[in-house]
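The values are calculated or read from the model by the stated rules, or taken from the named source; none is laboratory data. Keep in mind the model is a prediction, meaning the values are calculated, not measured. Positions of Cβ are generated from backbone atoms using ideal geometry, with glycine treated the same way; all protein chains shown enter the neighbour counts.
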Amino acid sequence: MSRIGKKPVTVPKGVTVTVNGQEVTAKGPKGELSVSLVDEVVPTHEDGAVKVTMREDTRRSRMMWGLSRTLVSNIVKGVSDGWSVDLEITGVGYRAAVQGKVLNLQLGYSHDVQFPIPDGISIKTDRPTAITVSGIDVQQVGEVAAKIRGWRPPEPYKGKGVRYAKEQIFRKEGKKK
């Protein structure tokens, strides 16, 4: 039995959830999102919560049960609170700045990296070495953060590069004479 799939997704105040067949739509103060679930599960909306159950007990439906519940939970949290990922930049001369709809990154290359900010995503730079990526779609927020980190992943010797705020970099010892 899926421990995640058994839990109902509570719907907070200010958020309306509609279930139309396999399509679950959530509308809240931050926006509107919808997810289409697989045929092996059945979503129902009752008593201020969305519950996902299996249609029949097969291996695939057990796999999709917890996933479907998590997808519904992600859209409900996205339209009510939103999602955000914090990135930190470490390195001499490495910095970031938002200029209109473009994130300008100086990461030690011979040129600046111009990263266009996609629709539905907002990027803030509180300090030149801190980036906050936020939005309502958790998949899109994570993908944008991974793309920014991909320009200069942290290296193990000096720890220079772009890393997630909570990421632990395992450092290596350099050469010895």
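A few points about this structure:
- Sole residue being over 23 Å from the mean Cα position of the chain (by Cα) and in a strand (DSSP E or B), chosen from V35, V42, V24, V50: V42
- Residue match in segment 45-63 (condition: without any contact (Cβ under 8 Å) to a residue 12 or more places away in the chain, closer than 30 Å to V11 by Cα and of a type outside the set (D, E, K, R)): yes
- Residues located in segment 96-133, provided they are assigned to a strand (DSSP E or B) and among the aliphatic types (A, V, I, L, M): A96, A97, V98, V102, L103, L105, V113, I121, I123, A130, I131, V133
- Looking across segment 67-95 at every residue that is closer than 16 Å to S134 by Cα and assigned to a strand (DSSP E or B), the one that is farthest from the chain's Cα centre (by Cα) is identified as E88.
- Test for S61: is it out of contact with any Gly (no Cβ under 9 Å at 6 or more places or on another chain) and either under 19 Å from S134 (Cβ atoms) or of a type in the set (F, W, Y) (or both): no
So that you can scan it fast, the table gives a plain yes or no per residue for (1) surrounded by 14 or more Cβ atoms within 10 Å (Cβ to Cβ); (2) over 30 Å from V19 (Cα atoms):
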| position | (1), (2) |
| --- | --- |
| R69 | yes, no |
| V85 | yes, no |
| Q99 | no, yes |
| Y109 | no, yes |
| D137 | yes, no |
| A145 | yes, yes |
| P154 | yes, yes |
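- V138 being of a type in the set (A, V, I, L, M), within 30 Å of L37 (Cβ to Cβ) and either modelled with pLDDT of 90 or more or assigned by TED's automatic domain parsing to the domain that holds P12 (or both): yes
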